[in-house]
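Q: I'd like to ask some things about the structure below.
The values are calculated or read from the model by the stated rules, or taken from the named source; none is laboratory data. Fair warning: this is a prediction, and the values are worked out from it, not measured in the lab. Quick reminder, even Gly has a Cβ in these numbers, built from the backbone with ideal geometry, and neighbours come from all protein chains shown. For the accessible areas, the whole protein counts, side chains as well, though only heavy atoms, and no ligand, DNA or RNA atoms are used. Shrake-Rupley method; radii C 1.70, N 1.55, O 1.52, S 1.80 Å.
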Amino acid sequence: MRQQIIAGNWKMNKTTAQAVEFARELKQSIDNNVPVEVVICPPFTALAPLAEELKGSGIALGAQNMHWEDQGAFTGEISAPMLKELGCRYVILGHSERRQYFGETDAGVNKKVKAALEHGLIPIVCVGETLEQREAGVTEQTVAGQLKGALAGLEQEQVAGLVIAYEPVWAIGTGRTASDQDAQQVNNFIRKVIAEEYGAAAAEAVRIQYGGSVKPANARGLLSQPDIDGALVGGASLKVEDFKGIIDAIG
Ligand code: 13P
């Protein structure tokens with residue numbers, strides 16, 4: 001049985017003080033017995049104070065990006081050992097905003113995935129098609145290409161432990177969510193690609209989230225689909241009430 005995972009991707013939002021206030025409120029408002037893993041991915045600057053604030057809460061911490069090298073002359077970058085030291089359990093890799101604005105490629109994402117695993121971080125690997133690609137009927141081809149590129153050279157057991165996030169680019173920050181059926185269809189397709197490339201056991205174990213305008217009002221329908229194992233939430237993860245509403249939609 002796969003455990004659902006709800007992760008908040010704060011993107012470039014919240015000062016450290018705002019982040020700590022959010023964590024304090026969230027801790028108090030969520031029920032520790034809910035059968036779901038909750039993750040917050042704040043900006044790098046808030047990781048250390050949030051690690052402190054979330055100690056013993058059961059809420060995990062994730063980063064939004066990292067470099068594939070452990071250290072060196074890479075101005076402005078952060079490495080896997082640095083994230084691990086701060087208490088991160090997860091790291092989002094290959095988000096479409098990083099691909100679009102910062103030139104990330106499947107090959108680069110692959111190097112990051114390998115570095116994250118080497119240091120005991122769990123990658124949340126993002127894939128998803130643009131509106132043009134969907135309209136041109138190449139959604140599956142696009143997603144399969146991103147997936148194979150990002151996971152190239154991994155062992156079956158490593159793939160089994162990953163989190164994949166299917167985030168159609170046209171649904172991110174637009175208020176336009178994929179229908180439950182469309183999201184389920186692509187998540188199921190992703191599981192099939194994993195089965196073909198890495199075997200049935202890895203496909204059965206790997207957790208596949210949906211992301212793109214998830215909010216309390218549409219969470220229940222999406223999260224009840226058989227191949228949707230959680231959500232990667234942007235805008236609605238910035239308010240405790242909304243984020244909690246999505247967590248409560250499980251079960
Ligand atoms: P929104 O929930 O704001 O659409 O963002 C989704 C996303 O990009 C999460 O990584």
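Q: What 222 nm value per residue comes from the helices of the chain, counting each DSSP H run with n ≥ 4 as -39,500 (n - 2.57) and dividing by all residues, nearest 500 deg cm²/dmol?
A: Result for the chain: -13000 deg cm²/dmol, rounded to the nearest 500.
Q: Normalised by the number of residues in region 1-137, what is the relative contact order in percent for Cα pairs under 8 Å and 6+ residues apart?
A: Value for region 1-137: 20 percent.
Q: Ok, one more. Using 0.36 nm per residue, how much length does the chain from residue 156 to residue 12 gain when fully extended, once their Cα-Cα distance is taken away?
A: 48.5 nm
Q: Which residue fluctuates the most in the chain, going by a Gaussian network model with Cα springs under 10 Å, if the choices are 44, 102, 189?
A: Maximum fluctuation in the GNM of the chain, among the listed residues, is at 102.
Q: Run the numbers on the chain and let me know its relative contact order in percent, using alpha-carbon pairs under 8 Å that are six or more apart.
A: 20 percent.
Q: Under 10 Å, Cα contacts only: if you run a Gaussian network model on the chain, which one of 209, 64, 185 comes out with the highest mean-square fluctuation?
A: Taking springs between Cα atoms under 10 Å, the residue moving most is 185.
Q: If you don't mind, another one. Given the options 92, 228, 30, state which has the largest fluctuation in a GNM of the chain using a 10 Å cut-off (strictly under) for Cα springs.
A: 30
Q: Something else about it: Given the Cα-Cα distance of residue 57 and residue 225 and 0.36 nm per residue of separation, how much length would full extension add, in nm?
A: 57.7 nm is the gain from fully extending residue 57 to residue 225.
Q: Continuing with this model, one more query. Got a sec to turn the phi values of region 65-79 into Karplus ³J(HN,Hα) couplings, 6.51 cos²θ - 1.76 cosθ + 1.60 with θ = phi - 60°, whole Hz, x for Gly and Pro?
A: 3J(HN,Hα) across region 65-79, in whole Hz: 5, 6, 8, 7, 7, 6, 6, x, 7, 9, 3, x, 9, 10, 10.
Q: Can I ask one more? Just the number, please: carbon plus sulfur as a percent of the accessible area of the chain, 1.4 Å probe, no ligands or DNA/RNA counted.
A: The nonpolar share, carbon plus sulfur, comes to 50 percent.
Q: On to the next question. Quick check for you: with a 1.4 Å probe and neighbouring chains kept, what is the accessible area per residue of the chain, in Å²?
A: Accessible surface, normalised per residue, equals 45 Å².
Q: Within the set of other residues whose C-beta is less than 12 Å from the C-beta of residue 204, count the net charge using Lys and Arg as +1 and Asp and Glu as -1.
A: Around residue 204, the surrounding residues sum to +2.
Q: Let me ask something additional. Over the Cα atoms of the chain, each weighted equally, I'd like the Debye log10 I(q)/I(0) at q = 0.10, 0.11, 0.13, 0.15 Å⁻¹, rounded to two decimals.
A: Normalising to I(0) and taking log10 leaves -0.43, -0.53, -0.75, -1.03.
Q: Now a separate question. Of 105, 139, 130, which has the most accessible area and how do the rest follow, probe 1.4 Å?
A: Highest to lowest solvent-accessible surface, that is 105, 130, 139.
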